[in-house]
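The values are calculated or read from the model by the stated rules, or taken from the named source; none is laboratory data. Since we're looking at a predicted model, the values are computed, not measured. Note that each Cβ is placed from the backbone with ideal geometry, even for glycine, and that neighbours are counted across all protein chains shown. With ligands, DNA and RNA removed, areas are computed over all heavy atoms of the protein, side chains included. Shrake-Rupley method; radii C 1.70, N 1.55, O 1.52, S 1.80 Å.
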Amino acid sequence: MAGNFWQSSHYQQWLLDKQDLLRERHGDLQIFSEEEYQKIIIFFANFIQVLGEQLKLRQQVIATATVYFKRFYARNSLKCIDPLLLAPTCVFLASKVEEFGVISSNRLISTCQAVVKNKLSYAVNQEYAYRTSHILECEFYLLEMLDCCLIVYQPYRPLIHYAQDMVPGDENLLSLAWRIVNDSLRTDVCLLYPPYMIALGALHMACVVTSKEGAKQWFAELSVDLEQVLEITRHLLALYELWKHFDEKKEVQHLLSRMPKPRNQPSRPPSQAQVQDPNSMGQDSMNQNSQGNSLNNQNGCVSSQVDVQFSTQIVEGEYIIAFTGYYKAETRRQYIRAALGKLSVPWQIQERNNPASDYPSDFDLVKFEGECGKTCMDSLLGHPCIKRVTPQRLVTRTLTYHDENDSLLYYNESDGHATPFCHNRKLFLNNHSRYRSRKLLRSIPHQITTVLQADVLWNAGVTGAGVKVAVFDTGLSKNHPHFKKIKERTNWTNEKTLDDGLGHGTFVAGVIASHKQCLGFAPDAELHIFRVFTNNQVSYTSWFLDAFNYAILKKINVLNLSIGGPDFMDHPFVDKVWELTANGVIMVSAIGNDGPLYGTLNNPADQMDVIGVGGINFEDQIAKFSSRGMTTWELPEGYGRVKPDIVTYGLYVQGSSVKGDCRSLSGTSVASPVVAGAVTLLASGVLHRGNIINPASMKQALMASARRLPGINMFEQGHGKLDLLRAFQLLTSYKPQASLSPSYIDLTECPYMWPYCTQPLYHSAMPSIVNVTILNGMGVSGRLVEPPKWYPYIPQNGDYLDLSFSYPEVLWPWSGFLAIHIKVSEAGRDWEGIAQGHVNIIIESPPEDGEEQPRRSNLTLPLRVKVIPTPPRHKRLLWDQFHNLRYPPGYFPRDNLRMKNDPLDWNGDHIHTNFKDMYQHLRNAGYYIEALGYPYTCFNASNYGTLLLVDSEEEFFPEEMAKLRGDVDNGLSLIVFADWYNTTVMKKVKFYDENTRQWWLPDTGGANIPAINDLLASWGIAFGDTVLDGEYTLGHHQMYYASGTNIARFPEEGRVIVQTLKDQGVEVLEGDTTVSEKGAILGTFQSKSTESSGRLVVYGDSNCLDNAHQQKDCFWLLEAMLEYTSSGKLPAVLSDSSESPLPPLLELPQRMKGSHLHRYSKVLESNLGSSDDTMGHARPIPGCPKLELALPIPINMSAPTNLFKTTRLLSVAPGWEAPLHLRHKLQIGMEPLHSDFPMLLQAERAAHTPTIPVYLWLAMLAVMVVLLYRFYMYWNRPRRKRTRFKKLLRVFVPQNNV
């Protein structure tokens, strides 16, 4: 404890100013007004007060708890931790700090339940759901966020002193001032002013109320800032003025309903079984972009943590013209002039003043003063030396810092302030079902290099020497004391500095190569610093392209890129990354901080040739912020690849700070330099092996040596956790070869092979696609010598499977893919069991210097699949993936207009990405879901009970509309989940970028309502353009309608559910939050075209199914809809709420003129939105895919027992040995590994390998133990003399005692 207030953390760290608070509450104030926010804080302060009174706590304890609560939400958004959980946690902690005594956890929970039920039922309409485990976990995070600074100075003691000094013995004055101090806890004054000033403010108000004589003179004699006293008084007066009009019982429930709730929070008290089994607590979850403390505590209490947000925008009028080769500036200018010829569009090449401008380049940045239309583009692309023309992109990176609960904050180190910038994610608790009980957290290590045992390699003389490592970030100071080999610093921005104004670049460089205090992995490596971001965290694609070219010229070995974004269609950037790796640069990149949502991988980490790194904590749990797979490049026709490649520590990692000391940061942008540093260290230890070490071989070694984390699927951990020493052993004996990721396909292995393992295969299903990455360590280019061969094992029923393959003609650079389409043959229609086989692939690369024969690698990919009989039609669902569009390339806005901080819809809208929870719920309910990646003309509707059309942005082919009408007549049912669409609102939600001076206009609304209306027109169903938002009740279920649309037309024979909700369109356009609108939101209809016709259900909001911004799920509603579509019986919860349709609206939503949807559409060829509202000119409908099945080569033998073990890498020839100076040193601290790491043998050979089952060994061991025990007992018991034969017989044959 500090000896006085002026030396305490209260004064030094926790006195903020008003601008700080407003800036840090920016995210919450996007949802609430300041007054509404204040009302919420008042409510929870009252909750703490009532809770403390029920627990009979001193007012000092209650006040301290309230201050803790306010401090937390001064640094975090309301949406990050449920205040109903944080409030009792603050009380629990304050009771210990104020030495009141530890409150019994059972008593605390029971008191919370009683208070919520009896005193707060007007606001909280459900039973208090949190338990002791939640309180204890929350306490840990609260301690971390408070920076371990728990001493709070209260105004009560100075108040007593001042009151006695002013008017001794006046209890009335003191009592009134005391109550005013208590009231001040409902305001921000405890965060803004010292406690003695708050006491003076309260006393001043009490004197005014009681008209105390002499008070004026007494205050005049004080040596304090009376203006501050008056400011405090004004705060308190504003509170009392607010209280006059604040009817808490009427208003607070509505306010709480608008506050996004942490997902997966308990909805009811767990049963006794659930209390004993932590599995009932739900999945791991997080709050992304909520804020934490950015203080860099030099006492080592708690440090700040970092995240990187990344966004791109097109720069108007600027285009990157890529050439087929590298040319000098004048040559490039002549090519452009020749291409544009006599076109009248003025253009100018933008000068690029950076170190690469003296060298030939393969691109130019051209600015057109007018619009470069189709003619202009065609002229440029018609030139033989011009490869591609793409828009220039502005890259904006936002550094965000977060605490251990993975809540992140928007941070600008230049001014030292943090701003909340929070997405709605899940409950902060880290309770994976694989962790069976609460356990002590491992202490956070000081040095990450110690954890990964880099010192073992240092002792062997491996320190990074001879390796050039590039850090693309925010720069680095020339004289920073932590670095001894800063070879070169270059600036690629428009700012005239090389130094780091943000601190992120310094930290990243420190993790890689620091040699002091917070040690880096490769202290002797050559550091090449590329400053590609300004202090405003802005960059341009052209800056990166020039810097990448320079890195190639400088023959950089390892490049760390701790940034990323969803724009995998920024072609110049993607192409240049390929060129980098093709030139031997090992690129390491962060996978992104958008977890725990799936489908959130960032580019370039999601590229096959790049090492994509995810983050874990020191408990070997996947960090909640770490992005999850799958990749979404391949959608809708294909399926994503496995990413990240590996994971490593990304939470509380120590690194260098700008000031020359150490700091602790978190995020995948921290995990990335950990791997980059490890790669640099590994590369320096195998420099003698020459070009055998390349981007592919390094990636192969990292993945093959990684340790798989139990209970985590491959889209979260990739191949597992980085193991530095095992990777080094692999590299020292590595032989050039190809490998596969994953190295086997076992669709029965859960949870690692999620989601494949959750749904068996059956005949007539859409092919299950497994996208395997091929890594080619033999050369930068390669090919498949022949089509892959399929070897089914007859005894293991492999002949029930049909396989088809797709792959590129050339594997470049260093990698490629093999997409395996798996189907069940006609013979397996009624069969159930496990089918096995393997795929054989031969990869070939050109010979290297000195070699005559091409390099070849023969790979075996084991396959195991669970097959079941074809399910009944009503249990089979078809998910329409073809009509879902997402960013990139167009601006497709989020479906929830309240989520202003994440405006783009970029997660793929797939059942295994942002609709993952819905998928799992339907599987648990017994439904089978397949994804359709092609038009409606490509599926057999007789196989399916219901087609799910959710959040569709694409147009429909006329042929699709006609076929769907016929399919419904023949018994197919249709469920549609729409979203908001209003052209006026779309124009309002466009945003203007000051840097690009360009307006971004949405290409659709949340869904493409005009297109959906065209699809539904034949049934007389149409959605409107009213944007509705708010809570409502359906049956006994509390529902939230988040930026949904209304049903404008519905058949008279149908039934609709009508609700009165807030008109969010008026709120967006006019700012009026009080306008309500009555509208139909759900409709059910039985088609009567034929006797066997299907049924239709439409609902105006998909947010309740979408994990991206889900506030309350409606999986139960979807299940009720499916019950209706499959049986024709309307569930009571829907029928009781239904009524006849409203009168049809005459005006339906129109397509917005000027939309660029045709640029990104698979359906449209020309612009839409003409005067007659036609959808525009449609392309010819694409043909349906016809899979060319591989000819099976049956093997009449059982599958080898070791077939599904992870494939090992080949070693070099047996005669090769490690360098002499490393042989003995590497024995210390390293786990023994086999020296050869043999490759899997061919299946036929492995099948004859003699093996002894484990159970036989155990049986033999048990027999030996029994015999030894009987022999021992025989020699140590009294016995009469017997013959030797009888003695031996006694040992082995027991005899009954007589």
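Odds and ends about this structure:
- For the pair ARG856 and LYS478, a Förster radius of 41 Å applied to the C-beta separation gives a FRET efficiency near 0.25, rounded to the nearest 0.05.
- Which listed pairs, of LYS866/LYS1129; LYS789/LYS1186; LYS478/LYS576, have C-alpha distances above 30 Å, in listed order: LYS866/LYS1129
- For the stretch 75-209, with +1 on Lys and Arg beta carbons and -1 on Asp and Glu, the positive-most of CYS112, LEU143, ALA199 along the dipole: CYS112
- Exposure rank, largest accessible area first [TYR319, TYR1272, TYR944; 1.4 Å]: TYR1272, TYR319, TYR944
- Using R0 = 60 Å, the C-beta based FRET efficiency linking ASP661 and LYS342 works out to 0.45.
- Sorted largest first, the principal axis extents computed over the alpha-carbon atoms of the stretch 441-533 equal 43, 35, 19 Å.
- Peptides 554-560, 786-792 ordered by average Cβ neighbours within 10 Å, highest first: 554-560, 786-792
- Candidate aspartates and glutamates - alpha carbon under 13 Å from LYS823, same-chain residues fewer than 8 apart omitted: ASP799, ASP802, GLU930, GLU1188
- About the Cα centre, charge dipole magnitude for the stretch 145-190 (Lys/Arg +1, Asp/Glu -1 at Cβ), debye: 80
- The label point for GLU809 and the one for ALA1017, both projected 7 Å from the Cα toward the Cβ, are 4.3 nm apart.
- Length gained when the stretch LEU29-ILE151 is fully extended (0.36 nm per residue, less Cα-Cα span): 41.0 nm
- With DNA, RNA and ligands ignored, accessible area of ARG388 (1.4 Å probe; Å², nearest 10): 70
- Rolling a 1.4 angstrom probe over the protein heavy atoms with all chains in place gives the stretch 808-941 an accessible area of 33 Å² per residue.
- Whole-percent pair-distance distribution, where bins are 10 Å wide, for the alpha carbons of the stretch 763-906: 10, 27, 23, 23, 14, 3, 0
- Largest first and in whole Å, the equivalent-ellipsoid semi-axes of the stretch 584-635 read 19, 15, 7, each the square root of five times a Cα gyration tensor eigenvalue.
- Reach of LYS79 by Cα under 14 Å, taken over aspartates and glutamates that are not fewer than 8 positions away in the same chain: GLU24, ASP28, ASP406
- Neighbour cut-off at most 15 other Cβ (10 Å), DSSP loop, GluC sites (Glu not before Pro), the stretch 741-850: GLU809, GLU832, GLU848
- For the stretch 594-732: relative contact order, % (alpha-carbon pairs under 8 angstrom, 6 or more apart): 25
- Applying D = kT/(6 pi eta Rh) to the stretch 39-142, where Rh is the Kirkwood radius over alpha-carbon pairs, T corresponds to 4 °C and eta to 1.567 mPa s, the Stokes-Einstein value obtained is 96 µm²/s.
- Accessible area in the full protein assembly, largest first, 1.4 Å probe, for TRP754, TRP458, TRP1257: TRP1257, TRP458, TRP754
- FRET efficiency, 1/(1 + (r/R0)^6) with R0 35 Å, evaluated for PHE1115 and GLN113 via beta carbons: 0.85
- Positive dipole terminus of the stretch 666-823, leading residue within VAL679, TRP814, HIS719 (C-beta point charges): VAL679
- Accessible area per residue was computed with a 1.4 Å probe on protein heavy atoms; LEU897 scores about 30 Å².
- Distance between the 7 Å Cα→Cβ label points at THR1033 and ARG1159: 4.9 nm.
- Protein-only accessible surface at a 1.4 angstrom probe places the residues HIS1037, HIS688, HIS528 in the order HIS688, HIS1037, HIS528, largest first.
- Accessible-area value, SER539, 1.4 Å probe, nucleic acids and ligands omitted, Å²: 0
- Partner lysines whose Cα lies under 25 Å from the Cα of LYS1153, excluding those fewer than 8 positions away in the same chain, are identified as LYS374, LYS900, LYS987, LYS988, LYS990, LYS1162.
- Normalised by residue number, the volume inside the convex hull of the Cα atoms of the stretch 959-1114 is 134 Å³ per residue.
- Estimated at 0.36 nm per residue, the fully extended path between GLU826 and CYS1184 surpasses their Cα-Cα distance by 126.9 nm.
- Projecting the Cα atoms of ALA765, ALA704, LEU730 onto the dipole axis of the stretch 699-770, where Lys and Arg carry +1 and Asp and Glu carry -1 at the beta carbon, places LEU730 farthest toward the positive end.
- 3J(HN,Hα) from dihedral phi, the stretch 595-600, Karplus parametrisation 6.51/-1.76/1.60, rounded to Hz, x for glycine, proline: x, x, 5, 7, x, 10
- Relative compactness, the stretch 702-847, computed as alpha-carbon Rg over 2.2 N^0.38 Å: 1.16
- For the stretch 1-104, the list of trypsin sites (Lys or Arg not before Pro) that fall in a loop by DSSP and count at most 11 other C-beta atoms within 10 angstrom reads LYS56.
- For the stretch 808-964, the relative contact order comes to 22 percent (Cα pairs under 8 Å, sequence separation of at least 6).
- GluC sites (Glu not before Pro) lying in DSSP loop within the stretch 1042-1136, provided at most 13 other Cβ fall within 10 Å: GLU1052, GLU1053, GLU1091
- Distances between placed amide hydrogens fall under 5 Å for ILE616 paired with ALA623, THR648, TYR649, GLY650, LEU651, all partners being 5 or more residues away or on another chain.
- Between ARG707 and ARG923, the contour length at 0.36 nm per residue exceeds the alpha carbon distance by 74.7 nm.
- Distance from the stretch 521-565 to the stretch 225-259 (C-alpha centre basis), Å: 50
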